[in-house]
1. Tell me whether region 58-69 contains one or more residues that are of a type outside the set (A, V, I, L, M, F, W, C), closer than 21 Å to Ile577 by Cβ and modelled with pLDDT of 95 or more.
2. Are any residues in region 111-130 in contact with a strand residue (DSSP E or B) (Cβ under 7 Å, 6 or more places away or on another chain) and of a type in the set (A, V, I, L, M), and if so, which ones?
3. Out of the residues in region 427-444 that are more than 19 Å from Ile630 (Cβ to Cβ) and not acidic (Asp, Glu), state the one that is surrounded by the fewest Cβ atoms within 10 Å (Cβ to Cβ).
4. Please find, among Glu255, Glu246, Glu241, the residue that is at pLDDT below 55, within 30 Å of the chain's Cα centre (by Cα) and open to solvent by 30 Å² or more (accessible area, probe 1.4 Å).
5. If you check Val224 against the conditions, is it open to solvent by 30 Å² or more (accessible area, probe 1.4 Å), closer than 23 Å to Glu284 by Cα and aliphatic (A, V, I, L, M)?
6. Is one or more of the residues making up region 14-32 outside any helix (DSSP H, G or I), open to solvent by less than 10 Å² (accessible area, probe 1.4 Å) and either farther than 16 Å from Ser592 by Cβ or modelled with pLDDT of 95 or more (or both)?
7. Are there any pairs, at least 6 apart or on different chains, whose C-beta atoms fall under 6 Å, with the first in region 80-101 and among the hydroxyl-bearing types (Ser, Thr, Tyr) and the second surrounded by 16 or more Cβ atoms within 10 Å (Cβ to Cβ), and if so, which?
8. Within region 558-576, is even one residue open to solvent by 30 Å² or more (accessible area, probe 1.4 Å), of a type outside the set (A, V, I, L, M), touching a Pro at 6+ places or on another chain (Cβ under 9 Å) and part of a strand (DSSP E or B)?
Amino acid sequence: MTGTELDVETKYFDRELSWLAFNQRVLELAEDPETPLLERANFLAIFASNLDEFFMVRVAGLKRRIVTGLAVPTNIGLSPTALLSEINKTAYQLQLRHARCFQEEINPALNEAGVKIVQWEDLDEADQAILTDYYESQIYPVLMPMAVDPAHPFPYISGRTLNLSIRVLNPLTEKVEFARLKVPQMLPRYVRVDAREGYDSVRFIGIEELIANQLDGLFPGMQVIDHHVFRLTRNEDMVIEEDETEDLIQALEKELLRRRFGPPIRLEISDDMDEDTIELLVSELGIDRDQVYTLPAPLDLSGLFSITGIPRSDLKYHPHIPVTAPAFAPTGSNEAPDIFAEISRRELLVHHPYESFSTTVQAFIEQAAADPNVLAIKQTLYRTSGDSPVVAALIRAAEAGKQVLALVEVKARFDEAANISWARKLEQAGVHVVYGLVGLKTHCKLVHVIRSEGNELVHYCHIGTGNYNPKTSRIYEDFGLFTASAEVGKDVTRLFNVLSGFAIETHYDRLLVAPLQLRAGLLSRINAEAEKARAGKPARVQIKCNSMVDEKIIDALYEASCAGVEIDIWVRGICSIRAQIPGLSENIRVRSVLGRYLEHSRIFAFGVGEDREVYIGSADLMHRNLDRRIEVLVRIDSADHLSRIDTFFSYAFSGEASTWELLLDNTWQRHTVFADGTRMPDLQDMVMENRTEARSKRRR
């Protein structure tokens, strides 16, 4: 039986349920006692933050389609309504497990380690006096209690904020009244009890706990009966009809305003909330009961981010110090290297965060901005930091009279406002700012530098798998290729002409570009490996990506598996492909790696030996990447670089490093120990050691 003959329920796993399985893997890192304690707390915060975005975008989008009667793509045989119910049930169980992990494991361990999250009643009078002073000077003035009665309609509840529902008794009328108090988002989520304490023994109190014990002062003359904590998640997905507007920026700004008032999609309440208050919230918010999540306090464990940054190195991962790639290292006289000369000699492959972003990519852009022989710089910007030295370098280059083009993708989800701000600053400095193509996000990662050398113009390019963001480059794993190849330079020139002008380009030599060529290019290479296998020749496909959903790619991989191709898939998040099913995918192995770094690079490798063809780039195997984005993959030609990528894959599939394996029943099994019971090494530690050793050998 071939893959195409099986029904869709057998062939694919739903993308939303698969995403929840990914977030479960994040939770398993928090549950692992071998993970350093503050890192465990950090993974709890990551889990909570991830789940917020999942509800704001994916669940919200699914519900919007159900409500409006739009088609809902589902490939596992469930009706959209049944799928939404399964998502809510699975997510709720994960949140309960998440809360138990904090209450039963991590919070007690933090307390034992001297990092204490305390309750008001745990404090003596002196501590309470300190916090009362802090409350009265820093918190009380910005609080806005809002009554609910015939003269005061139920207030608007903004998304992702902590709120207190408060019941008070009016002693004059003996009537119970309801009020809502929003916890201001700009205040610290956890407040230090006494700033004089050292971090070896430090205490924090949740801001909602502090406020709750000062309620009498907010309702003078009233008797506070009880209070409860709740939190609402709203639909924050954005739908921009670009073909109906001439001004993308104005449309985005209008949509950003609308996002704040999206319909409710999840209500989290503390497990001590009374039924009358629950009924009031459900009624006033217009939310279904199956979207109400009753959880033990504290709500919103993403607030743990404010604690996990404390200086307790004994409770964190052993530090990795990024190395500077040898070609970018200072010379013997400690002078900065001539980056253009180094790239001219050979192509360079860098691997972040094991190799420093600031001394490679950032240094390349800054040198280009300062070099009088550089005539033009073109760059795509998808996500960058608020104080980005990359953007600052582009501004300096424009002010120096260079031609500078910045393609700013203002539709990058949840970075829209920041990107609009940066786009305007770039324009004010004289940078030519464009926003890409109508209906397409520009997601590729490109820098193109044109430099005058003698009587010719030389093209220097960087093509990467990650954003030009110095902050995330410290925690996102990504590759980047530097090249002075004339072939790549022509390809990138053609592509920027497509992005900034009126051009439809279909021919590239070393690039695969979405949406016109990338899927077809991958399919042809997968099918070629299948033909080799049918002819009795060695055949292999290796893919590393964040998400794998595209049915056409998956079907081709199934056919290749049936033909005998060895297929290794390394996926961080969503994975709709099935593994190890007889007659469908018995030659497909799927692994996942999570750890201190977010595995973000995308690699596509085909063939064995001299026939091997490897690409890196920005594209995941999802409909949006292949059909609705400008994505770029570049072919890697250097034998040394191919060897590095082979070694990287071998770590994940050799059974010698800790990974998750996708099983026949769509569950993920974590492998952490060898047969003799000893702990498997962390894959990311292995890569760091590899890079450090490689640099040491080069220096010797």
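1. Of region 58-69, the ones of a type outside the set (A, V, I, L, M, F, W, C) are 58, 61, 63-65, 68-69.
Keeping just the survivors that are closer than 21 Å to Ile577 by Cβ gives 58.
Imposing the further condition that a residue be modelled with pLDDT of 95 or more reduces the set to none.
Checked against the condition, which is being of a type outside the set (A, V, I, L, M, F, W, C), closer than 21 Å to Ile577 by Cβ and modelled with pLDDT of 95 or more, region 58-69 yields no hits at all.
2. Val115, Ile117, Val118
3. From region 427-444, those more than 19 Å from Ile630 (Cβ to Cβ) are 427-431; that's our starting set.
Add one more test, that the residue is not acidic (Asp, Glu), and what stays is 428-431.
On the way: Gln428: 11, Ala429: 18, Gly430: 16, Val431: 24.
Looking at the filtered set, the residue picked out is Gln428.
4. Details: Glu255 fails: open to solvent by 30 Å² or more (accessible area, probe 1.4 Å); Glu246 fails: within 30 Å of the chain's Cα centre (by Cα).
Only one candidate qualifies: Glu241.
5. Details: open to solvent by 30 Å² or more (accessible area, probe 1.4 Å): yes; closer than 23 Å to Glu284 by Cα: yes; aliphatic (A, V, I, L, M): yes.
So Val224 fits the description; yes.
6. Filtering region 14-32 down to residues outside any helix (DSSP H, G or I) leaves 14, 32.
Those still in the list that are open to solvent by less than 10 Å² (accessible area, probe 1.4 Å) too: 14.
Adding the requirement that they be either farther than 16 Å from Ser592 by Cβ or modelled with pLDDT of 95 or more (or both) leaves 14.
Yes, region 14-32 contains at least one residue that is outside any helix (DSSP H, G or I), open to solvent by less than 10 Å² (accessible area, probe 1.4 Å) and either farther than 16 Å from Ser592 by Cβ or modelled with pLDDT of 95 or more (or both).
7. Hits for this filter: Thr90/Leu20; Tyr92/Tyr293.
8. We begin by selecting, within region 558-576, every residue open to solvent by 30 Å² or more (accessible area, probe 1.4 Å); these are 559, 562, 564, 566, 572.
Among the residues that remain, those that are also of a type outside the set (A, V, I, L, M) are: 559, 562, 564, 566, 572.
Checking which are touching a Pro at 6+ places or on another chain (Cβ under 9 Å) leaves us with 566.
Add one more test, that the residue is part of a strand (DSSP E or B), and what stays is 566.
Within region 558-576, one or more residues are open to solvent by 30 Å² or more (accessible area, probe 1.4 Å), of a type outside the set (A, V, I, L, M), touching a Pro at 6+ places or on another chain (Cβ under 9 Å) and part of a strand (DSSP E or B).
The values are calculated or read from the model by the stated rules, or taken from the named source; none is laboratory data. Just so we're clear, the structure is a prediction, and the values are computed from it rather than from any experiment. Positions of Cβ are generated from backbone atoms using ideal geometry, with glycine treated the same way; all protein chains shown enter the neighbour counts. Please note that ligands, DNA and RNA were not included when accessible areas were found on the heavy atoms of the full protein model with its side chains. Shrake-Rupley method; radii C 1.70, N 1.55, O 1.52, S 1.80 Å.
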